[in-house]
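Novice: Pasting a structure here, questions to come.
Readers should treat all values here as calculations from the given coordinates under stated rules, not as data from a laboratory. For clarity, every value in this text was computed on a predicted model and none was experimentally measured. Reconstructed Cβ throughout: ideal geometry from the backbone, glycine too, with neighbour counts over all protein chains shown.
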Amino acid sequence: MELRSAKFNIGQVVKHRSFSFRGVIFDVDPAFANTDEWWQSIPEDKRPQKDQPFYHLLAENAQTHYVAYVSQQNLLADESGEPVQHPEVGSYFGEFKGDHYAVRRFHAN
């Protein structure tokens with residue numbers, strides 16, 4: 001299996017290509033790293049390839065906030081210039097800079 005390079009970065013604001021949600025990336029897996037049950041729950045005609053980066057998002061839509069796991073092929077850069085309103089954004093990130101958040105530095109004790 002040949003892995004593809006990550007197109008998006010931690011802190012970047014993105015949106016889903018097909019569904020009405022957007023979010024900020026807080027982690028990246030170089031290839032699919034979720035359960036087979038999750039994989040099988042996706043309709044076969046919409047199931048993304050496993051050999052690509054998958055992104056963990058603090059996501060939002062018009063109704064709610066949640067954590068999403070999305071393949072690279074299903075993401076686009078969000079060009080709205082609007083911050084993400086997910087309540088956990090401040091736990092991971094600092095200042096919003098138009099299309100991305102500054103990554104908060106964590107120090108071990």
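Novice: For region 20-35, what does the Karplus curve 6.51 cos²θ - 1.76 cosθ + 1.60, with θ = phi - 60°, yield as ³J(HN,Hα) per residue in whole Hz, taken in order and with x for Gly and Pro?
Specialist: 7, 8, 9, x, 10, 6, 10, 6, 9, 9, x, 8, 3, 9, 10, 7
Novice: I've got another one for you. Taking amide hydrogens as modeled 1.01 Å from N in the peptide plane, which residues meet the under 5 Å criterion relative to G94, leaving out close sequence neighbours?
Specialist: HN-HN under 5 Å from G94: A102, V103, R104.
Novice: What number comes out for the charge environment of V67, summing +1 per Lys or Arg and -1 per Asp or Glu over other residues with Cβ under 11 Å away?
Specialist: Working: positive: none; negative: D27, E60, E88.
Charge balance near V67 sits at -3.
Novice: Net charge around D78, counting only other residues with Cβ within less than 9 Å of its Cβ (Lys, Arg = +1; Asp, Glu = -1)?
Specialist: Working: positive: K15, R22; negative: E79, E82, D99.
That works out to -1.
Novice: Can you list the aspartates and glutamates whose alpha carbon sits under 19 Å from that of K50, skipping same-chain ones fewer than 8 residues off?
Specialist: Straight-distance partners of K50: E2, D27, D29, D36, E37.
Novice: Given only helices, namely DSSP H runs of n ≥ 4 each adding -39500 (n - 2.57), what is the per-residue ellipticity at 222 nm of the chain, to the nearest 500 deg cm²/dmol?
Specialist: -1500 deg cm²/dmol
Novice: Another one. Counting other Cβ atoms within 10 Å of each Cβ, which trypsin sites (Lys or Arg not before Pro) in region 61-105 have at most 10 and sit in a DSSP loop?
Specialist: When the trypsin sites (Lys or Arg not before Pro) of region 61-105 are filtered for loop state and at most 10 Cβ neighbours within 10 Å, R105 remain.
Novice: Between the DSSP loop rule and a limit of at most 15 other Cβ atoms within 10 Å, which chymotrypsin sites (Phe, Trp or Tyr not before Pro) in region 1-72 are left?
Specialist: Values: sites: F8, F19, F21, F26, F32, W38, W39, F54, Y55, Y66, Y69; in loops: F8, F19, F21, F32.
Those that pass, being in a loop and sparsely packed, are F19.
Novice: Suppose every K and R has +1 on its Cβ and every D and E has -1 on its Cβ; what is the size of the dipole of the chain about the Cα centre, in Debye to the nearest 20?
Specialist: The calculation lands at about 200 debye.
Novice: A follow-up question, please. Take every Cα pair under 8 Å in the chain that's 6+ residues apart, average their separations, divide by the length, and report that relative contact order as a whole percent.
Specialist: Values: 202 pairs, mean separation 32.1, N = 109.
Contact order relative to length: 29 percent.
Novice: Tell me the net charge near R22. Cut-off is 13 Å between Cβ atoms, R22 excluded, with +1 for each Lys or Arg and -1 for each Asp or Glu.
Specialist: Every neighbour counted, the sum reads -3.
Novice: Test of understanding: what is the full-extension gain from W38 to N61, defined as 0.36 nm times their sequence separation minus their Cα-Cα distance?
Specialist: 6.2 nm
Novice: So if a site counts as exposed when it's one of the GluC sites (Glu not before Pro), its DSSP state isn't H, G, I, E or B, and it has at most 11 other Cβ atoms within 10 Å, what's the longest stretch of the chain without one?
Specialist: The answer is 3-78.
Novice: For region 13-103, evaluate the Debye formula with one uniform point scatterer on each Cα (no solvent term) and list log10 I(q)/I(0) at q = 0.10 Å⁻¹, rounded to two decimals.
Specialist: Once normalised to I(0) and log-transformed, intensities are -0.25.
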